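**Student:** For reference, the structure I am asking about is given below.
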Ligand code: PMM
């Protein structure tokens with residue numbers, strides 16, 4: 001991918017999100033947080049109403065919609081590009097009707113067989129993530145021969161199925177699904193061999209932000225009070241992923257990733273000069 005990587009700012013509107021602990025459940029706080037992320041350099045706000053943290057239980061789609069849709073409407077009204085993180089076709093359709101232009105589905109269409117039809121019909125962009133099963137089962141599904149080639153093969157067959165169901169190639173963005181049925185070693189292997197996923201020919205999104213494997217890096221007492229120690233390593237991953245050709249990165253702390261992407265831009269400009 002050429003050009004600056006897109007920054008998707010994460011807006012979790014769930015009471016149990018592992019990283020923001022429900023602090024954005026309140027509508028005004030959610031909108032203010034989204035606006036702050038845009039001011040810090042987010043291109044797209046990714047709104048999610050169902051936690052996918054390991055072990056999380058599914059949420060009723062009606063509850064998910066009640067959490068997500070008012071925020072989608074408010075951000076779309078402000079001219080902010082919105083993506084909605086959902087595995088439910090009914091939520092996806094309602095989100096598009098409310099102004100979302102991207103559906104981010106961590107199950108790549110496997111959790112709800114109605115999803116592909118909604119995406120084909122609405123023509124929105126669709127982020128299809130590599131997924132082997134629901135969050136409450138995924139630790140048992142982390143068995144691979146060679147992670148990057150297995151993920152590549154499984155994504156390729158998922159894409160073939162989505163195209164058969166009427167989705168256009170231009171709509172698709174792929175995601176290796178870091179942390180989803182993958183342990184730390186699997187995640188680092190996928191990151192270091194991102195080019196193999198990119199070689200499928202679709203834009204690639206990377207979601208490493210504040211995940212457990214990032215938190216497991218040595219800490220070395222290096223951050224100040226009030227700063228999440230996973231944000232600096234996340235920003236470094238953003239830079240390396242962008243440099244390796246990722247289309248976009250999905251992050252909690254937009255400012256640190258935007259700064260990291262500024263470095264990538266300057267580095268590339270140096271190469272072109
Ligand atoms: N990770 C989470 C949720 N949604 N979507 C995509 N496309 N890729 C990801 O890696 C991803 C995702 C879980 O993280 P969170 O609970 O911090 O949002």
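**Student:** Applying the selection to region 32-71, what residues are assigned to a helix (DSSP H, G or I), under 24 Å from residue 206 (Cα atoms) and away from the ligand (no atom under 16 Å from the Cβ)?
**Tutor:** Within region 32-71, 35, 36, 38, 39, 40 qualify.
**Student:** Could you tell me whether region 220-230 includes any residue that is within 16 Å of the ligand (Cβ to nearest atom), within 17 Å of the chain's Cα centre (by Cα) and not in a strand (DSSP E or B)?
**Tutor:** Yes, region 220-230 contains a residue that is within 16 Å of the ligand (Cβ to nearest atom), within 17 Å of the chain's Cα centre (by Cα) and not in a strand (DSSP E or B).
**Student:** Could you please let me know if residue 214 is over 17 Å from residue 109 (Cβ atoms), within 15 Å of the ligand (Cβ to nearest atom) and in contact with a helix residue (DSSP H, G or I) (Cβ under 9 Å, 6 or more places away or on another chain)?
**Tutor:** yes
**Student:** If you go through region 100-112 one residue at a time, do you hit one that is assigned to a helix (DSSP H, G or I) and surrounded by fewer than 19 Cβ atoms within 10 Å (Cβ to Cβ)?
**Tutor:** no
**Student:** Out of 191, 205, report the one residue that is buried (at least 22 other Cβ atoms within 10 Å of the Cβ) and either within 16 Å of the ligand (Cβ to nearest atom) or not in a helix (DSSP H, G or I) (or both).
**Tutor:** Matching residue, one of 191, 205: 205.
**Student:** Let me ask something else about it. Out of (1) under 20 Å from residue 227 (Cα atoms); (2) modelled with pLDDT of 90 or more; (3) under 18 Å from the mean Cα position of the chain (by Cα), what's the single condition that is false for residue 45?
**Tutor:** (1)
Let's see how each residue does on (1) more than 21 Å from residue 114 (Cβ to Cβ); (2) in a loop (DSSP other than H, G, I, E, B); (3) in contact with a strand residue (DSSP E or B) (Cβ under 7 Å, 6 or more places away or on another chain):
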| site | (1), (2), (3) |
| --- | --- |
| 134 | no, yes, no |
| 139 | yes, no, no |
| 143 | yes, yes, no |
| 153 | yes, no, no |
| 156 | yes, no, no |
| 160 | no, no, no |
| 166 | no, yes, no |
| 170 | yes, no, no |
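**Student:** Out of all the residues in region 219-232, is one or more touching a strand residue (DSSP E or B) at 6+ places or on another chain (Cβ under 9 Å) and either crowded, with 20+ Cβ neighbours inside 10 Å or closer than 18 Å to residue 252 by Cβ (or both)?
**Tutor:** yes
The values are calculated or read from the model by the stated rules, or taken from the named source; none is laboratory data. Values in this document were obtained by computation on a predicted structure and should not be read as measured data. Neighbour counts are summed over all protein chains in view; Cβ atoms, including those assigned to glycine, are modelled from backbone coordinates with ideal geometry.
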